């Protein structure tokens, strides 16, 4: 009985032990909040601002993404930017400032985006943008994003004030037809009056939204009918398979920004067919010239573009295509431009296809700048051995072993094995 009581006391002491306490952590804050005393709206308006992590350490100027409904989409837009720019040297877009407009509640949101859209647009143009561009380093390149009513509003802004934003991204925009909202007439009255612009409209539509789809189709047809492209207006109208009304904002913002910055990343072509269809090496050179002109990069063709094309031909085991690409890329000095590891990876395709003489031609070129590469000397030994020149193969393998030993190369056992093979021993 006493033992049972002891067990009960132990059990109760465990059961009623105080839970682990955690030290209070600092708040996880994204960006900064500001308040604008709007004379246009007759009320204070809260905005949120996110500055790129490079803003404080540089003198660089940044484009600005304006996000309607910051109470929902401010964190989302910051996340999208990080996804687009997270890999140094392989960013899809440059970094940009994010400014979101907070709508305090659904009633206020509806009133501003539907009942007072002209005033709301005036607030953005006359109060918000001047405040942002007066306080922060900006390029004057601006984008506007909105979902649902805010998407329709963003497109209205693009039509009635086409020089205010360089691009507008709309997710499931509604309404876009006068039968749903007579005020949409402003957009369709304004579009034919545009004389010459250089901006982009992107409107993306999710599944199962019949009225949204109908409106987006109507706008697309109207832009075609009024020959908007001839006036410099570009647009993307796309259905988002697998996305429903509430999930469209991420896809629309990500795709819209990627489309606007379509020639910012290093070019990647996925097949020889795509390479030929787009115009071959001339297309690649023009891409980099336009990229340099727009973003200030150097105009030279990047080795990653050439390497990925050769790699795709090798993976598809298309020797003829591979040989054509190697011939085309000689004028770009590809073999000396590419990293040694990538060059050897590409040239191994010649060896797998019993083309040692072709491989050796490029190995010799590589040797001029990579004389201390054990892996290169081993590859040269393989080529000479395939050509039945054991004497030269032995010289190359010896050099590979010598360098591999000094450099503690993990492939050293392979180099030694190849040297033994060239010696005629086991």
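No lab work stands behind these numbers, since they all come straight from the coordinates. All values reported here derive from a predicted model rather than from experimental measurement. Neighbour counts are summed over all protein chains in view; Cβ atoms, including those assigned to glycine, are modelled from backbone coordinates with ideal geometry.
Nearest-5 percent of antiparallel DSSP beta bridges in segment 32-260? Around 30 percent of the beta bridges assigned by DSSP in segment 32-260 are antiparallel ones. The label point for residue 231 and the one for residue 337, both projected 7 Å from the Cα toward the Cβ, are 4.1 nm apart. Fully extending the segment from residue 372 to residue 108 would add 88.1 nm, taking 0.36 nm per residue of separation and subtracting the current Cα-Cα distance.
Taking 0.36 nm per residue of separation and subtracting the current Cα-Cα distance, fully stretching the chain between residue 183 and residue 317 would add 42.4 nm. Highest-first packing order for the peptide set 307-314, 132-139 is 307-314, 132-139, based on the mean count of other beta carbon atoms within 10 Å.
Give the calculated FRET efficiency between residue 365 and residue 405 to the nearest 0.05, with a Förster radius of 30 Å applied to their Cβ-Cβ distance. After rounding, the FRET efficiency stands at 0.70. Projected onto their three principal axes, the Cα atoms of segment 126-250 cover extents of 43, 31, 24 Å, largest first. Rounded to the nearest 10 degrees, the angle from helix 412-423 to the longest Cα principal axis of the chain is 30 degrees. When peptides 228-236, 98-106 are sorted by average Cβ neighbour count within 10 Å, with the highest value leading, the order is 98-106, 228-236. Relative to the dominant Cα principal axis of the chain, helix 374-386 is inclined by about 60°.
In this simple spin-label approximation, residue 91 and residue 137 carry label points 7 Å from Cα along the Cα→Cβ vector, and these lie 1.3 nm apart. The modelled label-to-label distance for the pair residue 34/residue 53, using points 7 Å beyond Cα in the direction of Cβ, is 2.4 nm. Along its first, second and third principal axes, ordered by size, segment 32-260 spans 50, 44, 35 Å in Cα coordinates. Compute the Cα gyration tensor for the chain, then decide on rounded, prolate or oblate, letting a ≥ b ≥ c be the square roots of its eigenvalues: rounded whenever a/c is under 1.5, prolate when a/b is larger than b/c in the other cases, and oblate in all that remain. Since a/c reaches 1.5 but b/c is at least a/b, the shape of the chain is classed as oblate.
Sorting 387, 412, 76 by the number of Cβ atoms found within 10 Å of their own Cβ, with the fewest placed first, yields 387, 412, 76.
GNM remark for the chain: springs join alpha carbons under 10 Å apart, and the peak mean-square fluctuation among 411, 156, 342 falls on 411.
Give me the one-decimal Kirkwood hydrodynamic radius in Å for segment 272-423, with the sum taken over alpha-carbon pairs.
16.6 Å
Taking Cα atoms only, the orientation of helix 340-352 departs from the longest principal axis of the chain by about 60 degrees. When the chain is treated as a GNM with alpha-carbon contacts under 10 Å, the residue of 224, 205, 197 showing the greatest mean-square fluctuation is 224. With helices as the sole contributors, the chain gives -15500 deg cm²/dmol at 222 nm; each DSSP H run of n ≥ 4 counts as -39500 (n - 2.57), and the sum is divided by every residue. Given R0 = 45 Å, the distance between the Cβ atoms of residue 289 and residue 387 translates into a calculated FRET efficiency of 0.65.
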